[in-house]
Amino acid sequence: GTWVAKGIDHFRALGAEPYGVMVLTRADAHDTQLTLAISSADWVYFSGGDPGHLVETLGASPVWAAVLARWRAGAILTGSSAGAMMLGETTFVPVGRGPDGLPTRVITRPALGLLSRVIVAPHADAIPDRLLVEWADLRPDGHVFLGIDEDTAIVQDGSGWQVRGPGRVLVLRAADDRATYRAGERVAGLARGALP
């Protein structure tokens with residue numbers, strides 16, 4: 001649909017040769033043609049939606065195996081919004097939304113596990129601080145909470161993780177261990193992406 005067309009236009013303007021792979025259902029995630037479409041990608045980008053649906057759709061599927069094979073071979077793997085949330089070991093799943101579209105209540109569930117002991121909260125600057133604190137308290141023991149502002153990224157490179165963009169990345173390791181990182185700063189002590 002429309003989001004794929006917008007993504008294609010965006011990345012084409014940056015000089016890429018993008019194409020959309022419409023993996024919307026569990027059956028799609030087992031479709032041989034869609035799996036083959038990913039097998040030659042140099043950059044795989046997951047957009048937003050419902051993180052619970054993404055995990056249910058992709059988990060232990062041929063399409064996800066193809067994504068991981070490309071990533072291990074050096075392709076870039078990125079996600080925004082729910083596409084970033086699904087990459088943690090655990091994800092938040094909204095179970096209610098207010099009139100502004102923001103979740104009013106969240107639960108946690110296992111995610112795809114690329115980022116061990118991490119739970120991602122995107123749009124952190126659009127979420128009231130009281131909710132961020134409440135949600136951070138839901139993280140499983142030993143998990144790092146990553147609150148990532150809009151238009152901001154945390155990027156894994158050869159030597160760890162770096163913040164890019166105009167916003168901040170909020171890292172909570174415990175109730176009394178809260179740090180904020182800005183563009184160019186490295187986030188210390190965050191595990192590199194790797195499947196268990």
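The values are calculated or read from the model by the stated rules, or taken from the named source; none is laboratory data. Quick caveat: nothing in here was measured; it's all calculated off a predicted structure. Cβ: placed from backbone, ideal geometry, glycine included. Neighbour counts: every protein chain shown. When the accessible area is computed, the model is the full protein with side chains, heavy atoms only, and any ligands, DNA or RNA have been set aside. Shrake-Rupley method; radii C 1.70, N 1.55, O 1.52, S 1.80 Å.
Could you please state how large a percent of the accessible area of the chain is carbon and sulfur, counting protein chains only and using a 1.4 Å probe? Reported share for carbon and sulfur atoms: 55 percent.
Accessible surface computed residue by residue for the chain, with neighbouring protein chains in place and a 1.4 Å probe, gives 53 Å² per residue. Translational diffusion of segment 17-169, estimated by Stokes-Einstein from the Kirkwood radius over alpha carbon pairs at 4 °C in a medium of 1.567 mPa s, is 80 µm² per second. For the chain, the relative contact order is 13 percent, taking Cα pairs closer than 8 Å that sit 6 or more residues apart in sequence and dividing their mean separation by the residue count.
Quickly estimate the mean residue ellipticity at 222 nm for the chain, helices only: each DSSP H run with n ≥ 4 gives -39500 (n - 2.57), and the total goes over all residues, rounded to 500.
On the way: 6 runs with 50 residues, N = 196.
Result for the chain, helices only: -7000 deg cm²/dmol.
Can you work out the PRE-style zone for Glu17? Point 7 Å along Cα to Cβ, and I want the residues of segment 33-72 with backbone N under 12 Å. Under cut-off, by backbone N: 41-42.
Our estimate of slack between Val95 and Asp177, defined as 0.36 nm per intervening residue step minus the Cα-Cα distance, is 26.7 nm.
When you count the other C-beta atoms within 10 angstrom of each residue and take the mean per peptide, 138-144, 97-103, 120-126, 70-76 line up highest first as 120-126, 138-144, 70-76, 97-103.
How much FRET efficiency would the formula 1/(1 + (r/R0)^6) give for Ser39 and Leu102, where r is the Cβ-Cβ distance and R0 is 41 Å, rounded to 0.05?
0.65
Bin width 5 Å, origin at 0, all Cα-Cα pairs of segment 55-136: what percent of pairs per bin? For segment 55-136, the pair-distance distribution reads 3, 13, 22, 25, 16, 9, 7, 4, 0.
What does the charge add up to near Glu89, with Lys and Arg as +1, Asp and Glu as -1, over the other residues with Cβ less than 15 Å from its Cβ? In short, +4. Between Trp3 and Asp151, the modelled labels are 2.1 nm apart [label points 7 Å from Cα along Cα→Cβ]. Structural descriptor for segment 1-100: relative contact order 27 percent, calculated from alpha carbon pairs under 8 angstrom and at least 6 residues apart.
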